[in-house]
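Accompanying notes for the structure given below.
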Amino acid sequence: MPGAEPIRVSGRIVEPLTERLARVELANGHRLMGHTTRATDGLLAGAQTGEEVVLEVSTFDLSKGRVVERKEFNNENEQ
């Protein structure tokens, strides 16, 4: 089954761990580790709790995923 297409899912950052790693929760409550690659190294830099990200998850390992996109974050507390 080489070349199996990854699953693209959206989730919210629960806990930013480093500039390349964050704990992400999906809409169904499943939590996984989201990481970036060298090519997308700055994608999680400055990430905050509650931000929405898009991940690619392998069909073989659902415990981690590659962050491929970071959605615009609107903080309701700012005025």
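Which is the longest part of the chain that has none of the GluC sites (Glu not before Pro) sitting in a DSSP loop with at most 13 other Cβ atoms within 10 Å?
Value returned for the longest uninterrupted segment is 1-71.
In region 7-65, what % of DSSP beta bridges are antiparallel (nearest 5)?
90
I'd like the FRET efficiency for Val14 and Val54, computed as 1/(1 + (r/R0)^6) with the beta carbon distance as r and R0 of 22 Å, rounded to 0.05.
Result of the calculation: an efficiency of 0.90.
Among Thr18, Thr37, Thr59, which one moves the most in a GNM of the chain with springs linking Cα atoms closer than 10 Å?
Thr59
At what distance in nm do the modelled label points of Ile7 and Glu72 sit from each other, each positioned 7 Å from its Cα along Cα→Cβ?
Result for the modelled spin labels: 3.0 nm.
Specify which labelled value, from (1) 64; (2) 78; (3) 59, agrees with percent of Cα pairs over 13 Å apart derived from the coordinates of the model shown.
(1)
Once you keep just the Cα pairs under 8 angstrom separated by 6 or more residues, what percentage relative contact order results for the chain?
Reported relative contact order: 31 percent.
Only the coordinates and a few stated rules stand behind these numbers; no lab work does. Everything quoted here is computed from the prediction, not taken from an experiment. Cβ sites come from the backbone with ideal geometry, for glycine too, and all protein chains shown count toward neighbours.
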